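What follows is a short report on a single structure.
FYI, it's all coordinate maths here, none of it is from the lab. In this text the structure is predicted, and so the values were computed from the model without any measurement. Cβ sites come from the backbone with ideal geometry, for glycine too, and all protein chains shown count toward neighbours.
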Amino acid sequence: MGALSHREYGPWAGFRAAFISAGRIAGVEQDDTAGPYQTCHDRPCLSACPAHALSLNGYDVPRCLAYLEETPGNNCLAGCRARFSCPYGTAFRQSRDQASFHMRAFTGWNDDT
Ligand code: SF4
């Protein structure tokens with residue numbers, strides 16, 4: 001299992017919605033390529049996350065959110081530290097402004113709250 005990451009694009013995907021289809025969708029190919037997580041020796045994402053929300057079992061979203069809420073001044077709101085530590089897909093990294101925008105959308109916070 002582990003973190004969702006692509007060998008070329010790294011961990012720079014986010015999902016805002018999902019839908020189910022009984023059949024295949026034309027033009028959408030399944031990618032069975034193994035991600036880098038199983039063979040990544042250093043796994044810097046595990047030590048970069050101050051909440052230990054990433055593990056070999058995957059990403060613990062409630063644990064991440066609890067850390068963000070309970071730790072004022074944490075610098076994850078400038079971008080997930082685990083994602084930024086990933087050595088894969090660095091050419092596709094979000095800017096800090098983009099990452100901050102998505103983190104605030106993820107938490108449901110914005111500058112007005
Ligand atoms: S946002 Fe922070 S607490 Fe959440 S997974 Fe990323 S590094 Fe861990």
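Inside the stretch 43-90, residues that are of a type in the set (D, E, K, R), over 17 Å from G14 (Cβ atoms) and buried (at least 16 other Cβ atoms within 10 Å of the Cβ) make up a count of 1.
Here D42 clears all of (1) of a type in the set (D, E, K, R); (2) away from the ligand (no atom under 11 Å from the Cβ); (3) assigned to a helix (DSSP H, G or I) except the condition numbered (3).
Would you confirm, using the coordinates I've provided, whether A105 is part of a helix (DSSP H, G or I), farther than 15 Å from H6 by Cα and without any contact (Cβ under 8 Å) to a residue 12 or more places away in the chain? Spelling it out, A105 is indeed part of a helix (DSSP H, G or I), farther than 15 Å from H6 by Cα and without any contact (Cβ under 8 Å) to a residue 12 or more places away in the chain. Within the stretch 60-84, residues that are farther than 16 Å from S47 by Cβ reach partners that are among the basic types (K, R) and more than 8 Å from the ligand (Cβ to nearest atom) with beta carbons closer than 9 Å, at six or more positions or on different chains, in the pairs L77/R104; A78/R96; G79/R93; G79/R96. Scanning the stretch 1-29 for residues that are more than 12 Å from T90 (Cβ to Cβ) and aromatic (F, W, Y), we see that the one that is farthest from the chain's Cα centre (by Cα) is F19. Which members of the stretch 85-102 meet the condition of being without any contact (Cβ under 8 Å) to a residue 40 or more places away in the chain and within 10 Å of the ligand (Cβ to nearest atom)? A99 - this is the single residue of the stretch 85-102 that is without any contact (Cβ under 8 Å) to a residue 40 or more places away in the chain and within 10 Å of the ligand (Cβ to nearest atom).
Looking at the stretch 17-25, is at least one residue more than 16 Å from the ligand (Cβ to nearest atom), under 20 Å from A99 (Cα atoms) and part of a loop (DSSP other than H, G, I, E, B)? Within the stretch 17-25, one or more residues are more than 16 Å from the ligand (Cβ to nearest atom), under 20 Å from A99 (Cα atoms) and part of a loop (DSSP other than H, G, I, E, B).
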